[in-house]
1. If each residue of separation counts as 0.36 nm, what is the full-extension length gain between ALA298 and ASP170 once their alpha-carbon separation is subtracted?
2. Would you report the distance distribution of C-alpha pairs in the chain as whole percents per 20 angstrom bin, up to the bin with the largest distance?
3. Enumerate the calculated ³J(HN,Hα) couplings along region 276-287 in order (Karplus 6.51 cos²θ - 1.76 cosθ + 1.60, θ = phi - 60°), each rounded to whole Hz, writing x wherever the residue is Gly or Pro.
4. If you take every DSSP beta bridge fully contained in the chain, what fraction is antiparallel? Give it as a percent rounded to 5.
5. With a sphere of radius 15 Å drawn around the Cβ of LYS270, what net charge do the other residues whose Cβ falls strictly inside it have (Lys, Arg +1; Asp, Glu -1)?
6. Calculate the spin-label point distance for ARG139 paired with LEU30, positioning each point 7 Å from the Cα along the beta-carbon direction, and give it in nanometres.
7. Can you give me the accessible area per residue for the chain, using a 1.4 Å probe, in Å²?
8. Any chance you could run the full-extension gain for ALA126 through TRP251? It's 0.36 nm times the residue separation minus the Cα-Cα distance, nm to one decimal.
Amino acid sequence: MSGILARYELLLPLNKRTPRLDLGEGGTPLLPLSKTGETLGIELFGKFEGMNPTGSFKDRGMVLAVSKALEEGARSVICASTGNTSASAAAYSARAGVPCYVLLPAGKVALGKLAQAVIHGAKVIAIKGDFDRALELAREIASEKKMAIVNSVNRYRLWGQRSGAWEVCDELGGFPDAVVLPVGNAGNITAWWAGFVQYARLKKGTKVPSMFGVQAAGAAPLALDSPCSYPETVATAIRIGKPVNGKRARWAVRMSGGRFIAVSDEEILKAQKLLASREGVFAEPASCAGIAGLFKLAAEGSLHPGLRVVAVLTGSGLKDPNVVLERIGHPVEVEANREALMEVMEA
Ligand code: AN7
């Protein structure tokens, strides 16, 4: 076994009756982002969660949530999703052999994620509304029909996601000074903070890193501290107006000495291009909001030089090919001969 249930058995709520699902989740690379770090004047690492089995950090929570659902006798699984949760829920449900129902905001899910949910055999239903409405419906139906809901309202999801923080500490041989994460439903930032707190109890004299949560300006109820009824952003993964874990995330961010930040779609896409073209790391737009947030902090003069910072790159860029092709364009086509080719190459 190679996944997080085996690796962190003693830190997770497992017992003899818990089935040990495993798709090899976790163990993702912690990549030095030296060029970007140099520009920002900090020591920067990217925790590349796009390397998880379904291409996002959700797998860390999903492996535990679906295992616990099986232990508790659930016959089916349900979730609402902006995409990544559905891909992950569909994959782990397939592995476990239980039916999976997925509610998506119609027309607002990246192509790769949609394909994943469909191929894993989930019952995929597009709701004519946004994610927040889809989640309300999923919660209602889950409690009526006794289905296991595997959104981040499920405590096991967040517990499993703590493993990302544990891996970072293990690999660095200590705690980073700060962590930046993109924020949608505000589950992951809460989970990472709880993970650091749990680890700090084991290792005396350590300080939990400052947590910085970055939202897209068009969907930033926490960063702007005002309700958001019509969330909109190119980073569809975090197109969320009513974060269900908002209260806990506010607490975590405040306790850690961090804050929430809003960044524009333009800043997100610029950060995505920078990571891909200068660091060789292709992450989906939402994932890059954290990097955009760091640039914002640096511009304000609130990023202390020399800090050791981890940016959580939450999902793979392959999830959302359209956002790249629409922005940057398709390759030039030439006649299949040397002259035509040379003409284009030398242009
Ligand atoms: C790539 O899949 O909410 O703040 O339904 O896919 O814990 O919600 C995805 C969220 C960041 C935000 N980065 O995490 C879903 C969903 C990526 C994401 C987030 C998501 P939370």
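1. Using 0.36 nm per residue and subtracting the Cα-Cα distance, I get 43.3 nm.
2. Calculated P(r), rounded to whole percents: 32, 57, 11, 1.
3. Per-residue couplings from phi come out as 6, 8, 10, 10, x, 10, 9, 10, 6, x, 3, 4 Hz.
4. 15 percent
5. In short, 0.
6. 3.5 nm
7. 44 Å²
8. That pair, ALA126 and TRP251, stretches by 41.7 nm at full extension.
The values are calculated or read from the model by the stated rules, or taken from the named source; none is laboratory data. Predicted model, so just to flag it, every value in this text is computed and none were measured. Here Cβ is always computed from backbone atoms with ideal geometry, including for glycine, and neighbour counts include all displayed protein chains. Heads up: the accessible areas ignore ligands, DNA and RNA and are worked out on the full protein's heavy atoms, side chains in. Shrake-Rupley method; radii C 1.70, N 1.55, O 1.52, S 1.80 Å.
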